[in-house]
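The values are calculated or read from the model by the stated rules, or taken from the named source; none is laboratory data. These numbers were taken from a predicted model, which means no experiment stands behind them. Cβ atoms come from the backbone with ideal geometry, glycine included; neighbour counts cover every protein chain shown. To get the accessible areas, we keep the full protein, side chains included, count just its heavy atoms, and leave off ligands, DNA and RNA. Shrake-Rupley method; radii C 1.70, N 1.55, O 1.52, S 1.80 Å.
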Amino acid sequence: MKKYFQFEELGTNYRREIIGGITTFLAMAYILAVNPGILGDAGMDKGAVFVATALAAAAGSLVMGIFAKFPIALAPGMGLNAFFAYTVVLTYGIPWQTGLTGVFFSGIIFIILSLTGVRETVINAIPTQLKYAVSAGIGLFVTFVGLKGAGIIVANEATLVTLGEFKGATLLAVFGIVITVILMAKNIKGSIFLGIIITAIVGMFFNLIAVPTAVVASIPDVSSTFGVALNPIFDGFSNGFKELLNVQFLIVVLTFLFVDFFDTAGTLMAVANQAGLVKDDKLPRAGRALMADAIATTIGSLFGTSTTTAYVESSSGVAAGARSGFSAVVTAVLFLLAMFFFPLLDVITSAVTAPALVIVGVLMVSSLRLIEWNKFEIAVPAFLTMIMMPLGYSIATGIAVGFIFYPITMLLAGRKKEIHPLMYVLFFVFLAYFIWVR
């Protein structure tokens, strides 16, 4: 096993890899609590989503660790789960079953792209500046979802939104944000996860959260979500694929694919570079790593969860010493064991998860520093991409607006040679989205 995972070449050992794997798990374990809450808002069974989340994370991390041999763990991605619940289901009115079909198709397309040279073409076609803007916009959107769910931000007839009343569960959420910020500032491993635990304990102490009746129990039934992603496909043979053959569904698939594709590529480079695995500005086995993510997304959709992607929290495991895929295998095993702790999910309310959403938003918005704000033709589409996500309450809307304005501003600035032909295709696709869908 040491030889297979190249322990000697990477200068690592079992102890470092196990500690690294545990550290990565603690840093990203919050998704086990957050994902069921978000997808539960879309009408999905929280118990089934909890199991699907753990299984998707375990499967993705195993494939990444064994097949691609990287110390990078995977799980259903933040932002994409919010897009799934609040945009696809609650805004577009698409059934969550069909939403899972969209995730399934995005995974299949991702696999095809990973098997061919097309993936490099697609990566190079999308302007780097817009990639940064999409990441920042998702960060703002996720933060808004967290603040709204905790009652920190509430509706207001005069101003649309305003501050809520700081009492009860809302005050608990504020406390959670403060304590998580302190932990992050102190650079404590697993700060987000620890923030959730501390907030939940304080909530139970002050009777704001019910004390769980058990800690360990049998694994929840996943039958309500398992395999339903395929139902709209089978039903399509009798109804002419009405649910799938439309611009709205195409936009959903493209958004899942786009965000997952570039989020994964960025995370892979960032974590691999930290681990010293990047050579001559190239990532060895990059194709395998992207394939692992694509497979994980496809498997996750069949279990019953939104898009699975590589987690930048894996960097915490690398900082703890992880260098090989064995650490990802350790993380995968821990996700499987976590399925027996479902009773604890009852204490993870929206007030408890709000701090995680806010901190994740802060981390994602950091990409704004990389945008060339001094160039107006770049600043306009980047800004509109970012701001339209929270204000339009839709990740797809932000991407669509940004991708429509980019070729326009670049052409007017005399930089048409820098526009990839694919951007013109996307221009018309997203224009059709606003004309016929919105």
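Remark: the Cα gyration tensor places the range 99-257 in the prolate category, a/c being 1.5 or greater and a/b exceeding b/c. Around the Cα centre of the chain, unit charges on the Cβ atoms of Lys, Arg, Asp and Glu (plus for the first two, minus for the last two) sum to a dipole of about 860 debye. The tail of the calculated P(r) for the chain beyond 27 Å holds 52 percent of all Cα-Cα pairs.
Summarised in one figure, the compactness ratio Rg/Rh of the range 69-167, Cα atoms and Kirkwood Rh, is 1.07. Positive end of the charge dipole of the chain (Lys, Arg +1 and Asp, Glu -1 on Cβ, about the Cα centre): tell me which of 265, 338, 206 has its Cα farthest that way. Projecting each Cα onto the dipole axis, the largest value belongs to 265. Report note on the peptides 391-397, 427-433: ranked by the mean count of other C-beta atoms within 10 Å, highest first, their order is 391-397, 427-433. The distance from the alpha carbon centre of the range 374-438 to that of the range 130-145 is 15 Å, rounded to a whole number. Among 46/148; 375/417; 46/242; 131/416; 148/186; 69/131, which pairs are too far apart, with a Cα-Cα distance over 24 Å? Correct reply: 46/242; 148/186; 69/131.
Near residue 78, within a Cβ-to-Cβ distance under 13 Å, what is the net charge of the other residues, with Lys and Arg +1 and Asp and Glu -1? Combined, the nearby Lys, Arg, Asp and Glu give -3. Candidate membrane-span-like segments in the chain, meaning DSSP H helices with Cα atoms spread over at least 30 Å of their own axis and a Kyte-Doolittle mean of 1.0 or above, are 247-274, with no membrane implied.
Each other residue within a Cβ distance under 15 Å of residue 53 adds +1 if Lys or Arg and -1 if Asp or Glu, for a net charge of -3. For residue 161, the residues 5 or more places off, or on other chains, whose built amide H falls under 5 Å of its own are 156.
Counting only protein heavy atoms, what percent of the accessible surface of the chain is carbon or sulfur at a 1.4 Å probe?
Carbon-and-sulfur percentage of accessible area, whole number: 67.
Rounded, prolate or oblate: which fits the range 362-428, taking a ≥ b ≥ c as square roots of the Cα gyration tensor eigenvalues, rounded meaning a/c under 1.5, else prolate when a/b beats b/c? Because a/c hits 1.5 or more and a/b fails to exceed b/c, the range 362-428 counts as oblate.
Other residues within the sphere of radius under 13 Å centred on the Cβ of residue 220, judged by their own Cβ, net out at -2 (K and R +1, D and E -1). Comparing 163, 4, 365 along the charge dipole axis of the chain, the residue lying farthest to the positive side is 4, per the Cβ-charge model. Among rounded, prolate and oblate, which fits the range 13-61 when a ≥ b ≥ c are the square roots of the eigenvalues of its C-alpha gyration tensor, a/c under 1.5 means rounded, and a/b larger than b/c means prolate? Prolate, because a/c is 1.5 or more and a/b exceeds b/c. For the peptides 129-140, 302-313, the ranking by packing is 302-313, 129-140, with the highest mean count of neighbouring Cβ atoms within 10 Å listed first. Relative contact order of the range 389-432, please, whole-number percent, based on alpha carbon pairs below 8 angstrom and at least 6 residues apart. Result for the range 389-432 is 40 percent. Here the Kirkwood formula puts the hydrodynamic radius of the range 1-146 at 17.6 Å, using every distinct Cα pair. Spatially, the range 1-28 and the range 308-366 are offset by 17 Å when compared through their Cα centroids. Separation of the range 37-103 and the range 171-249, taken as the distance between their Cα centroids, equals 10 angstrom. Bridgeable aspartates and glutamates around residue 279 (alpha carbons under 20 Å apart, same-chain partners fewer than 8 residues away excluded): 8, 9, 120.
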